[in-house]
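Structure record follows, encoded as structure tokens.
The values are calculated or read from the model by the stated rules, or taken from the named source; none is laboratory data. Just so it is clear, the model here is predicted, and its values are computed rather than measured. Here Cβ is always computed from backbone atoms with ideal geometry, including for glycine, and neighbour counts include all displayed protein chains.
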Amino acid sequence: MGHVLHCTGYDVTKTDIVRAEGCRLYDSRGRSFVDFEAGVWCTVLGHGHPRVTEMIRTQAAEVMHLGYRYTHELMESAALEVLDSLALPGGRCVFLSSGSEAVEFGVQAARHLTGKPVLLALANTYLAAYGSAGRKHSAEWFTLTWDECLNCPRGEACDTDCPRWREIPFDRIGGLVFEPGNSGGLVRLPPVKVVQALARHIRDRQGLVMVDEVTTGLGRTGAWYGFRHYGLDPDIIALGKGLGNGYPVSAVVLTHETAARLEDDGFRWAQSHQNDPLGCAVAREVVRVIRDEELVARSHRLGARWWAELQHMAAQYPPLREVRGLGLMLAVEFAADSPSFSLRDVYRQLLDAGFIVGYKPEARLLRFYPPLIIGEGEIDRLLAELDRILAHPSS
Ligand SMILES: Cc1ncc(COP(=O)(O)O)c(C=O)c1O
């Protein structure tokens with residue numbers, strides 16, 4: 001691999017993956033690993049879902065890509081399928097390639113429509129790898145820290161009388177960009193009352209509400225979309241990751257009114273891979289499979305049981321400090337290392353036992369974002385292994 005630049009910031013832990021199927025990765029020696037991270041949280045249907053693979057094969061042979069002046073019926077049909085999953089029948093979609101692109105499109109659209117330079121985001125929000133949403137320059141973004149909101153003595157009174165709110169430059173803010181709980185992989189869930197109050201306040205001032213559902217969309221949190229847990233009705237929704245199940249397709253969804261205003265205003269966005277028939281075919285099939293296989297309800301059901309089991313372990317093992325999450329987006333926070341406990345060892349032992357889990361040492365986290373088809377038996381085996389490791393920490 002001397003000619004590949006690895007610059008993600010993550011250590012490469014396995015160099016010989018040769019195949020992936022369902023929830024498993026296989027190495028060159030035939031060993032298999034259960035992928036509790038779904039790649040980079042993308043393969044919601046499992047690796048190589050037969051319906052998606054077949055769709056790619058068929059569509060690639062017909063037409064993958066078109067120029068801006070030409071359309072294919074798949075674009076409309078994929079848009080209808082995505083809008084149906086959002087219960088937004090009058091809305092409109094643009095299909096792009098990556099989550100970062102979808103978020104940046106939404107951010108530029110919000111700025112264009114409101115004419116205001118600043119957008120509000122909550123602390124820990126990860127929005128994009130580049131662009132305005134990636135840089136989060138202070139001239140363009142106001143970031144609200146919300147740790148104090150968790151134990152706020154003012155209770156439900158979340159408004160401009162709050163000292164934290166008085167710091168927010170609402171007159172310059174055109175929109176809220178909210179990411180429902182993935183929180184840059186920390187799996188921290190901002191309080192519902194805070195998010196709702198901010199959204200209301202910004203809307204009252206003609207601002208827009210955008211949600212970044214790149215990670216939390218498509219059933220990940222046990223609802224079709226993470227913003228459902230917050231009772232929001234966003235103007236702009238960014239989708240990615242799970243929408244392609246590993247194939248790079250993303251989407252920006254706009255309400256009817258938002259899309260109409262952008263069109264009237266002559267908003268322009270053109271990139272090579274925009275509304276590509278192949279990406280549209282994949283997105284449409286992924287949404288259909290999620291619906292046909294009832295994976296949203298499955299995510300909710302399995303996630304609730306898993307969460308309860310982890311809570312039970314937390315009561316038993318002091319290093320296991322906190323369990324967080326919704327649906328199949330779960331994280332466990334651990335105490336600092338001690339002579340008898342090392343989080344890195346826990347992670348390594350899980351890997352040696354055939355379980356790939358998310359590992360964020362600086363936040364003391366192990367994370368689980370498996371495909372939504374994950375088997376109950378696979379969850380049970382992971383829990384049993386974790387239990388064994390925590391019961392004999394130095395073995
Ligand atoms: C919430 C969120 N938004 C946007 C992105 C960017 O998506 P991509 O890496 O596909 O560009 C990510 C990626 O992890 C994400 O988690």
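Things to note:
- Selection status of S77, more than 16 Å from the ligand (Cβ to nearest atom) and either polar (S, T, N, Q) or not assigned by TED's automatic domain parsing to the domain that holds S132 (or both): yes
- Condition check for K193: more than 30 Å from A283 (Cα to Cα) and crowded, with 17+ Cβ neighbours inside 10 Å: no
- Unmet requirement for P370, which otherwise passes all of (1) more than 21 Å from R220 (Cα to Cα); (2) in a loop (DSSP other than H, G, I, E, B); (3) not basic (K, R): (1)
- Of all the listed residues (L122, L144, L113), the sole one being within 15 Å of the ligand (Cβ to nearest atom), touching a residue at least 40 places away in the same chain (Cβ under 8 Å) and buried (at least 16 other Cβ atoms within 10 Å of the Cβ) is L122.
- L330 being modelled with pLDDT of 95 or more and part of a helix (DSSP H, G or I): no
- Filter result (hydroxyl-bearing (S, T, Y) and farther than 30 Å from W41 by Cα) within segment 117-175: T160
- Residues of segment 248-277 that are crowded, with 23+ Cβ neighbours inside 10 Å and among the hydrophobic types (A, V, I, L, M, F, W, C): V249, A251, V252, V253, L254.
- Matching entry among G46, G22 (being surrounded by 14 or more Cβ atoms within 10 Å (Cβ to Cβ), out of contact with any Cys (no Cβ under 8 Å at 6 or more places or on another chain), within 24 Å of T216 (Cα to Cα) and small (G, A, S)): G22
- Test for G22: is it outside the structural domain of I237 (by TED's automatic domain parsing) and modelled with pLDDT of 95 or more: yes
- Close pairs from segment 30-47: first under 22 Å from R291 (Cα atoms) and assigned by TED's automatic domain parsing to the domain that holds S250, partner more than 12 Å from the ligand (Cβ to nearest atom) and among the polar types (S, T, N, Q), Cβ under 6 Å, at least 6 apart: none
- Candidates A129, A133, filtered to the one that is near the ligand (Cβ under 9 Å from one of its atoms), of a type outside the set (D, E) and under 13 Å from G175 (Cβ atoms): A133
- Per this entry, V82 is not counted among residues that are within 16 Å of the ligand (Cβ to nearest atom) and buried (at least 16 other Cβ atoms within 10 Å of the Cβ).
- From G219, G244, G181, residue being within 24 Å of the chain's Cα centre (by Cα), outside the structural domain of V357 (by TED's automatic domain parsing) and more than 26 Å from E333 (Cβ to Cβ): G244
- Residues located in segment 176-208, provided they are within 16 Å of the ligand (Cβ to nearest atom) and not in a loop (DSSP other than H, G, I, E, B): L176, V177, F178, S183, G184, G185, V195
- Looking across G266, G279, one residue alone is assigned by TED's automatic domain parsing to the domain that holds G240 and part of a helix (DSSP H, G or I). It is G279.
- Selection within segment 171-189 - buried (at least 16 other Cβ atoms within 10 Å of the Cβ) and modelled with pLDDT under 95: G181, N182, S183, G185
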